[in-house]
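The values are calculated or read from the model by the stated rules, or taken from the named source; none is laboratory data. Note that the structure is a prediction, hence the values are computed from the model and not measured. Cβ placement follows ideal geometry from the backbone for every residue including glycine, while neighbour counts extend to all protein chains displayed. Note: accessible area is taken over every heavy atom of the protein model, side chains too, but ligands, DNA and RNA are not part of it. Shrake-Rupley method; radii C 1.70, N 1.55, O 1.52, S 1.80 Å.
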Amino acid sequence: MDICTYIIDQPHSKEVVAEVVAYIGRDPQRMDELMQGFMTGSYRLAQRAAWTIRKIGDVHPEMVQPYISDLIPLLQAEVHDAIPRNILALFAQWELPEDTWGTLWDLCFEWLNNPQKPIAIRVHAMTVLGNIASHYPELAGELHMVIESHMPEGSAGFQSRGRKILKKLDKILA
């Protein structure tokens, strides 16, 4: 199966994502084929492949983690919102390499403070920031203030995640 062609030719659905995830399994060559298409293919392919990559990362994180340094530049590019939403959802679950923290802090902080960004991106960015701040107590206070400032206008999901992260930050600051 040509993974990238299949993703483009099939309807964008949970079933197709599940098929591709099952096909790739733990095969590094198939994963590399998907990642190369995701990073260098068309806008539409990247948009559709993002969900598949997230699902692979959910069930087989070891298949996606080697590509962390390749995914960060995609966060900095002008891409479809599906790409940062799905990448940040994975990053929010993992302990990321320390050499990525500075770049991710700056980017996620900007997105958290941007009310024009979709809520899912802001919420996942908030989680990534909370994970980084757990290693740097001096950043925890700054993040705490920013989250509190956005809570009143935040959606229910934003507020729920915000409360969880604020509790975590309170422990760091205590």
Among the residues of segment 55-88 satisfying the criterion of being over 11 Å from the mean Cα position of the chain (by Cα) and not in a helix (DSSP H, G or I), which is surrounded by the fewest Cβ atoms within 10 Å (Cβ to Cβ)? GLU78
Of all residues in segment 5-24 being more than 17 Å from GLY41 (Cβ to Cβ) and without any contact (Cβ under 8 Å) to a residue 24 or more places away in the chain, the one that is surrounded by the fewest Cβ atoms within 10 Å (Cβ to Cβ): PRO11
Only residues that are open to solvent by 20 Å² or more (accessible area, probe 1.4 Å) and either touching a Phe, Trp or Tyr at 6+ places or on another chain (Cβ under 7 Å) or touching a residue at least 12 places away in the same chain (Cβ under 8 Å) (or both): list them for segment 37-54, please. MET39, GLY41, SER42, TYR43, ARG44, GLN47, ARG48, TRP51, ARG54
Among ARG122, ARG163, which is charged (D, E, K, R) and open to solvent by 40 Å² or more (accessible area, probe 1.4 Å)? ARG163
Does ARG30 count as modelled with pLDDT of 95 or more, basic (Lys, Arg), under 15 Å from the mean Cα position of the chain (by Cα) and not in a loop (DSSP other than H, G, I, E, B)? no
